[in-house]
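The structure appears below as structure tokens.
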Amino acid sequence: MTTLTAPLSIERIAKSRISEVDFQHLEFGKFIADHMAIASYANDRWGEPKIVPYGDLQMSPAMLALHYGQAIFEGMKAFKMNDGSINIFRPHKHYERLRKSLDRMCMPDIPEDMFIQSLHTLIHLDRAWVPDSEGSSLYIRPVVFASESRLGVKVSDQYLFIIMNTPVGAYLNKPYRLKVEDIYVRTAEGGTGFAKCAGNYGGAFYPTQLAKQQGYDQVLWTDHKDHQYIDEVGMMNVMLMIEGKLVTPKLNSAILDGVTRDSILILAKEMGIETVERRISVDELADGLKSGKITEMFGAGTAAVVAPIALINIHGKDIQIPVAGAQSFQQKVKQKLLGIRMGVLPDVHGWNYIIK
Ligand SMILES: *Cc1c(COP(=O)(O)O)cnc(C)c1O
């Protein structure tokens, strides 16, 4: 844990908006919690972060982030534990990734204390916004972007760092129908795929929309060279059970290093399951599904934890994927992860950041 230095200045909202929220029917991102943390960077340094009511910002139309895309974010979750404490899941791991994203986009580093202290103070203040029904959580969105007003193509000299939060319900989407992408790419090796930078998502919308028009929910991204190896599914990492082993694409600069992926790999080993990180070809996927060697395929990410995949279109042909029952690896590991987060199972890895 980080030592907290001086407390952050807090400007409280005049009247909480929490009564507007229907906690029984939460829609992702519809309501943003009362407060946000904000800090600005200028003259080669970060100013003191503070907590203010969530609300609009003033900005210049020449703000550099809008033109040249220096904008990165994170996504993590806080849970209400069974004893009423609040648990932020692996914030230090998310912080490490935030730093990598900042570095790749030529944006200034954020000190760990500043990140953790802003997060802690904000979540503590808005703790009533952390839902407590099973599977629900407070989704935490840190974002950093270039705020300097100037039209020349340049690395910005000014930035804003903001953390905002939205309550989210249990993930109830039906199993995904996927299409293997063999025309477009999300990113390329050497590009920005490993960073959570805004442009990666804007660029992914078009191929995803085409897939949706064809009746699929998401695309399975493949390598940029010849679309032969699988990378990720939509905005999640992809995992397979192949002959009893958990197999996932080995990280490279085109693949986002997911915290959920990492957690599942660690838990699988504890469950006595061999894990393999290597390249997985589209041909192996097609053959493995036909022969029955592949028994499970799912997405892994903070939003869904585990997202079952029901069907995959490979080169124009739909192939069914076995239904993941309660005894499937993905359901068992999901329960295990939820158990750790809720404080029902021991947190042997120190993943929980608990706010009493
Ligand atoms: C955020 C994200 C993931 C999942 O990462 P988690 O840390 O598990 O939430 C995977 N792929 C992409 C492209 C992402 O943006």
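The values are calculated or read from the model by the stated rules, or taken from the named source; none is laboratory data. No experiment lies behind these values; they were computed from the predicted model shown. Backbone-built Cβ (ideal geometry, glycine too); neighbour counts: all protein chains shown. Side chains are part of the model used for accessible areas, which takes the heavy atoms of the whole protein and leaves out ligands, DNA and RNA. Shrake-Rupley method; radii C 1.70, N 1.55, O 1.52, S 1.80 Å.
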Calculate how steeply helix 282-291 sits against the longest principal axis of the alpha-carbon atoms of the chain, using the helix alpha-carbon long axis, and give the answer as 0 to 90 degrees to the nearest 10.
-> 50 degrees
Can you list the residues, at least 5 places off or on another chain, whose amide H is less than 5 Å from the amide H of Ser136, using H built in the peptide plane?
-> Ala170
Carbon/sulfur fraction of accessible area - the chain, other protein chains in place, 1.4 Å, % = 52 percent
At 1.4 Å probe size, with every protein chain present, just tell me what the per residue accessible area of the stretch 220-315 comes to in Å².
-> 35 Å²
Residue by residue through the stretch 219-235, the couplings from Karplus 6.51 cos²θ - 1.76 cosθ + 1.60 with θ = phi - 60°, in Hz, x for Gly and Pro, are 9, 9, 6, 10, 4, 6, 6, 9, 6, 9, 10, 8, 10, 8, 10, x, 10
Any idea what angle helix 112-125 forms with the longest principal axis of the chain, computed on alpha-carbon atoms, 0 to 90 degrees, nearest 10?
-> 80 degrees
Gln335 versus Asn173, label points 7 Å from Cα toward the beta carbon: distance in nm?
-> 2.4 nm
What FRET efficiency comes out for the pair Ser85/Gln58, r = Cβ-Cβ distance, R0 = 56 Å, nearest 0.05?
-> 0.90
Could you order peptides 98-110, 148-160 by the average number of other Cβ atoms within 10 Å of their residues, highest first?
-> 98-110, 148-160
For the chain, would you read off the P(r) tail past 32 Å as a percentage of all alpha carbon pairs?
-> 34 percent
Considering every pair of different Cα atoms, what Kirkwood radius, in Å, is found for the stretch 1-56?
-> 13.8 Å
Peptides 340-346, 63-69, 295-301 ordered by average Cβ neighbours within 10 Å, highest first = 295-301, 63-69, 340-346
In Å, the Kirkwood hydrodynamic radius from C-alpha pairs for the stretch 9-170 sits at 16.5 Å
Among the listed pairs Lys154/Lys212; Lys77/Lys290; Lys93/Lys332, which are separated by more than 26 Å between their Cα atoms?
-> Lys154/Lys212; Lys77/Lys290
Taking R0 as 25 Å and r as the Cβ-Cβ distance between Leu151 and Ala188, the FRET efficiency 1/(1 + (r/R0)^6), rounded to the nearest 0.05, comes to 0.35
Dimensions (Å) - the stretch 25-99, Cα atoms, principal axes, largest first | 47, 30, 23
Please give the solvent-accessible surface of Asp182 in Å², to the nearest 10, using a probe radius of 1.4 Å with every protein chain present.
-> 60 Å²
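Nearest-5 percent of antiparallel DSSP beta bridges in the stretch 212-286?
70 percent
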Antiparallel bridges, percent of DSSP beta bridges restricted to the stretch 9-170 (to nearest 5) | 95 percent
For Glu112, what accessible area in Å² do you get when you roll a 1.4 Å probe over the heavy atoms of the protein chains, rounding to the nearest 10?
-> 70 Å²
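Share of antiparallel DSSP beta bridges in the stretch 176-324, in percent to the nearest 5?
Values: 23 of 34 bridges.
Once the DSSP bridges in the stretch 176-324 are tallied, antiparallel ones form about 70 percent.
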Taking the Cα centre of the chain as origin, work out the dipole magnitude from +1 charges on Lys and Arg Cβ and -1 charges on Asp and Glu Cβ, in debye rounded to 20.
-> 300 debye
For Tyr229, the residues 5 or more places away or on another chain with a placed amide H closer than 5 Å to its own amide H are Asp223, Val282
3J(HN,Hα) from dihedral phi, the stretch 342-356, Karplus parametrisation 6.51/-1.76/1.60, rounded to Hz, x for glycine, proline = 7, x, 7, 10, x, 9, 5, 9, x, 7, 7, 10, 9, 10, 7
Residue-ordered couplings for the stretch 89-99, obtained by feeding phi - 60° into the Karplus form 6.51 cos²θ - 1.76 cosθ + 1.60 and rounding to whole Hz (Gly and Pro as x), are 8, 6, x, 5, 5, 5, 4, 4, 5, 4, 4
Under 11 Å from the Ile319 label point (7 Å along Cα→beta-carbon), backbone N, the stretch 251-290 | 281-290
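On a 1.4 Å probe surface of the protein chains, which of Glu243, Glu11 comes out largest in accessible area, and what is the full order? Working shown, then result.
On the way: Glu243 125, Glu11 105 Å².
I get Glu243, Glu11, largest accessible area first.
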Over the stretch 225-273, what per residue volume does the convex hull of the Cα atoms give, in whole Å³?
-> 80 Å³
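Would you mind classifying the stretch 176-324 by shape? Square roots of the alpha carbon gyration tensor eigenvalues, ordered a ≥ b ≥ c; an a/c under 1.5 is rounded, otherwise it is prolate if a/b is larger than b/c and oblate if not.
Cα axes put the stretch 176-324 in the oblate bin.
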